[in-house]
1. Please report the antiparallel percentage of DSSP beta bridges with both residues in the range B:54-313, rounded to the nearest 5.
2. Output the antiparallel fraction of DSSP beta bridges having both residues in the range A:35-117, as a percent to the nearest 5.
3. Evaluate 2.2 N^0.38 Å with N set to the residue count of the range A:35-117, then give the Cα radius of gyration divided by it.
4. Give me the one-decimal nm value for the distance between modelled label points at residue B:276 and residue A:51, 7 Å along each residue's Cα-to-Cβ direction.
5. Quickly work out the residue B:147-to-residue B:190 label distance, labels modelled 7 Å from Cα along the C-beta direction, and quote it in nm with one decimal.
6. With a ≥ b ≥ c taken as the square roots of the eigenvalues of the C-alpha gyration tensor of the range B:177-250, please select rounded if a/c is under 1.5 and otherwise prolate if a/b is larger than b/c or oblate if it is not?
7. Distance from the Cα centre of the range B:142-174 to that of the range B:57-72, in angstrom?
8. Give me the distance in nm between label points sitting 7 Å out from Cα along the Cα-to-Cβ direction at residue B:253 and residue A:97, one decimal.
């Protein structure tokens with residue numbers, strides 16, 4: 001029985017998670033009136049975590065450097081870029097348009113990440 | 001360096017000069033990747049080469065990271081000063097000093113000024129190449145080039161000759177591309193080709209750059225993605241010594257006539273390739289730190305002998 005209850009709860013939680021983007025999408029062009037959504041990406045052990053994120057247009061992504069080495073957040077096409085972020089340094093960028101934005105650390109270019117922006 | 005203008009030193013002069021270090025008895029050399037020693041008799045018995053001249057010593061210092069103050073070394077200023085004192089106390093004075101980059105940690109004006117003050121008074125001219133930490137200002141190297149760019153081309157590459165040895169300073173930390181490693185770029189490679197064009201194959205070559213010019217560990221970006229093009233240009237030379245920093249540890253590799261050597265930092269160690277989840281400052285017990293930091297002296301004897309490298313820790 002407890003298994004069934006737990007499963008039901010998981011299903012309910014899953015339904016809620018699935019519903020959230022739908023709610024965001026339903027707000028459509030009027031989204032400017034609602035508080036902007038923020039998504040965080042950690043930079044640690046020479047990697048962007050999560051490496052690939054998918055967000056809705058209007059989302060602000062905040063990167064925080066948790067390494068002892070400085071890093072940058074630099075778009076592959078240089079359309080956005082941070083200054084060098086020392087330990088604890090943050091950079092934020094608001095993605096207004098849909099698209100697939102590859103970025104990397106210009107100091108350690110093997111570190112790459114992607115922000116996929118699409119309306120749900 | 002005008003005091004070394006006599007490039008046609010006689011055999012007799014060479015022997016007289018060598019007598020100054022004959023007491024050392026043996027030279028440590030690296031052949032085929034394995035350290036060995038050769039007797040001075042053997043070194044002196046080899047016929048002198050036209051163009052090559054008297055032995056001299058030069059020195060490599062790397063990765064001073066002035067401004068870094070985290071747990072791996074809260075006092076990079078102090079360890080850089082210790083390295084400078086060690087250099088000044090060397091019995092065999094270097095003619096020239098090569099700094100293989102990451103002079104500063106964050107490319108700030110204050111850090112560059114501090115580094116300049118610490119590294120002044122070494123008693124020999126210092127030639128620099130930038131590390132990625134020296135190129136992370138908003139001007140992407142403007143602060144570095146304002147100080148060290150005079151007489152260089154592009155993003156700071158240049159070459160010079162000293163007593164028959166051709167030194168080439170390369171920048172492989174500028175304009176890096178997503179997903180790649182270090183990079184030299186077409187313009188620098190074209191310059192390198194022109195720079196080497198007039199040299200005879202017997203000219204000893206020393207190349208210095210910040211990031212290794214051979215792939216030490218791709219997953220950590222420890223290599224240069226277009227180094228193959230540079231090495232192809234260098235292959236015809238009988239003796240090529242490539243010196244780098246960046247990885248804060250001694251590693252070497254020999255490929256034909258080209259030997260690659262990475263040096264210790266004066267600031268902090270980094271893990272061996274793949275020995276940790278990522279590169280970066282490695283915290284060791286403070287009493288062990290001086291053993292993992294150091295400087296490197298290089299002794300050039302003649303064009304037909306490998307350059308003898310001696311790494312000394314700060315312990």
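Each value in this text was obtained by applying a stated rule to the coordinates, not by laboratory testing. Please read all numbers here as calculations on a predicted model, not as lab measurements. Backbone-built Cβ (ideal geometry, glycine too); neighbour counts: all protein chains shown.
1. Values: 23 of 46 bridges.
Looking only at bridges with both residues in the range B:54-313, the antiparallel portion is about 50 percent.
2. Taking every DSSP beta bridge with both residues in the range A:35-117, the antiparallel ones total about 65 percent.
3. 0.98
4. Once both label points are built, they end up 2.1 nm from each other.
5. Rounded to a tenth, the inter-label distance reads 3.1 nm.
6. Because a/c hits 1.5 or more and a/b fails to exceed b/c, the range B:177-250 counts as oblate.
7. 19 Å
8. About 4.2 nm, to one decimal.
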